[in-house]
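The values are calculated or read from the model by the stated rules, or taken from the named source; none is laboratory data. Given the structure is predicted, the values throughout are model-derived calculations rather than measurements. Cβ atoms come from the backbone with ideal geometry, glycine included; neighbour counts cover every protein chain shown. The accessibility values were calculated without ligands, DNA or RNA, using every heavy atom of the protein model including side chains. Shrake-Rupley method; radii C 1.70, N 1.55, O 1.52, S 1.80 Å.
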Amino acid sequence: MAANGRPTPASMRDMIRDEVRAAPPYAFQEALGDVKLDQNEAPRDLPEAVRRRLLDRLADADWNRYPALRAEEAHRALAERDGWHPEGVLLAPGSNVLIQTVVIAAGLGRTVLTVEPTFSVYGQQARLLGAKHVSVPLQSPGFTLDVEGIERALKQGPGVWFLADPAAPTGNRHDDGAVERLLDVAREEGWLTVIDEAYWPYDRRHRLDQVRGQPDRIALRTFSKADAMGGVRLGYALGATETISELTKVVLPFNVSTWQSTAVALLAADAEANAAREARIEEAIEERARVYATLEAMERVDVHPSVTNFLLFSVPDAKWVYDQLLEAGIRIRRQDHLPGLDGHLRVSMGTPNENDRFLDALTRVLNLEVTHG
Ligand SMILES: *Cc1c(COP(=O)(O)O)cnc(C)c1O
């Protein structure tokens, strides 16, 4: 300790684990700009009447009491919506929490396997928790799975293997045959496989058939994207009863608040909420096709096909284009720091009007860029 009572750099070394001190803070640039296309959120909030119904329910809840250890109504509503058995559902305050849970349950002292580039939280949790992180690069063109490379990594297991499918931030769906083959190898080698389906609604396809009845696999889903509830923090896992029971031991008790479970119980079963969700998904899919076609026609833009609610594209100078768009009030996300994504930016599908503003600004910026060099 220094004389003023603050920890000195040396005592910080004694106090905080090496893995934590070595980790950078979570990289998210809180940027200004009224067109927010940087976090793949739903651009439209829930219908006013649904929000009112939720507020009425919250007004009737007991705020002074701890929530139920396991919110039965919410789990049943989710199971009903997704065609699952209620004991195979685990609700948490965001699917990020479940990523951490799974690393603790199946990755500590073992290996966390991912592809690269992928959702950063898998590797970040692996590093913070001191698990070994192995990543296998996706192949170009098309960000496909390196089946032999992943098989080789799986044979060094076991541990936990995270696969975002639809993939993020690349936006593609992985090949069915490749995934099936790798799921089989993962099982033989004793891995827990996590299929992160955050973006499945925008592809109207999922892999629950490969998870059902398979204790070595779970699917992760979130309320942050298609369900328009990013601010409420809700995600869940679907799996076999015995697997979900083990994961339940690892999550902190009472981690889902009464407010959160009330929101799930209402939303998963509310006809108006579900109709609005369908309309939002439909709009995102239509906008994706339109924005993709417009980007594809731009001269210095290379855009990748996507089955999600975002598009990944490259430009000659990503930092400059990002800064210029920000100055025009348009917030998108840089991806050019990620391996294999030099020059890449990512844009979420907003409302048609927001997307037009993005496209207009990008056209203008790219014309400027010619003179900028
Ligand atoms: C957005 C996203 C999530 C959502 O995480 P939450 O904690 O539920 O908000 C999960 N996985 C991927 C790949 C995502 O892009």
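The residue of segment 201-210 that is most open to solvent (accessible area, probe 1.4 Å), among those that are more than 16 Å from the ligand (Cβ to nearest atom) and more than 17 Å from residue 309 (Cβ to Cβ), is 209.
Consider segment 35-51. How many of its residues are within 23 Å of the chain's Cα centre (by Cα) and either over 16 Å from residue 278 (Cβ atoms) or open to solvent by less than 20 Å² (accessible area, probe 1.4 Å) (or both)?
Restricting attention to segment 35-51, the residues satisfying the condition of being within 23 Å of the chain's Cα centre (by Cα) are 35-46.
Filter once more, so that each one left must be either over 16 Å from residue 278 (Cβ atoms) or open to solvent by less than 20 Å² (accessible area, probe 1.4 Å) (or both): 35-41, 46.
Selection size over segment 35-51: 8.
For the structure I just gave you, tell me whether residue 185 is of a type in the set (A, V, I, L, M, F, W, C), more than 21 Å from residue 104 (Cα to Cα), at pLDDT 95 or above and out of contact with any Pro (no Cβ under 7 Å at 6 or more places or on another chain). Walk me through how you get there before you give the answer.
Details: of a type in the set (A, V, I, L, M, F, W, C): yes; more than 21 Å from residue 104 (Cα to Cα): yes; at pLDDT 95 or above: yes; out of contact with any Pro (no Cβ under 7 Å at 6 or more places or on another chain): yes.
Criteria met by residue 185.
I'd like to know if segment 296-313 contains one or more residues that are among the aliphatic types (A, V, I, L, M), more than 16 Å from the ligand (Cβ to nearest atom) and part of a helix (DSSP H, G or I). No: segment 296-313 contains no residue that is among the aliphatic types (A, V, I, L, M), more than 16 Å from the ligand (Cβ to nearest atom) and part of a helix (DSSP H, G or I).
When only residues in segment 95-113 that are in contact (Cβ under 8 Å) with a residue 40 or more places away in the chain and under 11 Å from residue 133 (Cα atoms) count, which is farthest from the ligand (Cβ to nearest atom)?
Looking only at segment 95-113, we keep the residues that are in contact (Cβ under 8 Å) with a residue 40 or more places away in the chain, and these are 95-99, 101-107, 110-113.
Pick out the ones that are also under 11 Å from residue 133 (Cα atoms) and you get 103, 107, 110-113.
Values: 103: 14, 107: 16, 110: 21, 111: 20, 112: 15, 113: 16 Å.
Checking each candidate, the answer is 110.
Among the residues of segment 164-200, those identified as without any contact (Cβ under 8 Å) to a residue 60 or more places away in the chain, away from the ligand (no atom under 16 Å from the Cβ) and open to solvent by less than 30 Å² (accessible area, probe 1.4 Å) are 178, 182, 183, 185, 186. The set of residues in segment 127-163 that are within 15 Å of the ligand (Cβ to nearest atom) and open to solvent by less than 10 Å² (accessible area, probe 1.4 Å) comprises 160, 161, 162, 163.
With respect to residue 41, determine if the residue is within 30 Å of residue 336 (Cα to Cα), modelled with pLDDT under 95 and not in a helix (DSSP H, G or I). So residue 41 fails the test. Part of a helix (DSSP H, G or I) and over 21 Å from the mean Cα position of the chain (by Cα): is that true of residue 121 in this structure? Spelling it out, it is not the case that residue 121 is part of a helix (DSSP H, G or I) and over 21 Å from the mean Cα position of the chain (by Cα).
Check 267, 220 and return the single one that is closer than 13 Å to residue 90 by Cβ and under 22 Å from the mean Cα position of the chain (by Cα).
Details: 267 fails: closer than 13 Å to residue 90 by Cβ.
On inspection, the qualifying residue turns out to be 220.
All told, residue 269 meets the bar of being modelled with pLDDT under 95 and not basic (Lys, Arg). Evaluating residue 73 against the criteria (1) more than 30 Å from residue 147 (Cα to Cα); (2) within 16 Å of the ligand (Cβ to nearest atom) leaves one unmet condition, (2).
Selection within segment 213-231: residues that are touching a Gly at 6+ places or on another chain (Cβ under 9 Å) and free of Cβ contacts under 8 Å to residues at least 60 places away in the same chain. The member of this set that is nearest to the ligand (Cβ to nearest atom) is 223. Flag: residue 92 does not match the condition of being out of contact with any Asp or Glu (no Cβ under 7 Å at 6 or more places or on another chain), at negative phi and more than 14 Å from the ligand (Cβ to nearest atom). Tell me whether segment 274-290 contains one or more residues that are assigned to a helix (DSSP H, G or I), among the hydrophobic types (A, V, I, L, M, F, W, C), within 24 Å of the chain's Cα centre (by Cα) and farther than 19 Å from residue 350 by Cβ. For segment 274-290, residues assigned to a helix (DSSP H, G or I), among the hydrophobic types (A, V, I, L, M, F, W, C), within 24 Å of the chain's Cα centre (by Cα) and farther than 19 Å from residue 350 by Cβ: present. Against the conditions (1) within 12 Å of the ligand (Cβ to nearest atom); (2) open to solvent by 40 Å² or more (accessible area, probe 1.4 Å), residue 241 satisfies every one except (1). Assessment of segment 152-163 against the conditions (on the phi > 0 side of the Ramachandran plot, free of Cβ contacts under 8 Å to residues at least 60 places away in the same chain and part of a loop (DSSP other than H, G, I, E, B)) yields no matching residue.
Could you please let me know if residue 293 is free of Cβ contacts under 8 Å to residues at least 40 places away in the same chain and open to solvent by less than 40 Å² (accessible area, probe 1.4 Å)?
Numbers: free of Cβ contacts under 8 Å to residues at least 40 places away in the same chain: yes; open to solvent by less than 40 Å² (accessible area, probe 1.4 Å): no.
It is false that residue 293 is free of Cβ contacts under 8 Å to residues at least 40 places away in the same chain and open to solvent by less than 40 Å² (accessible area, probe 1.4 Å).
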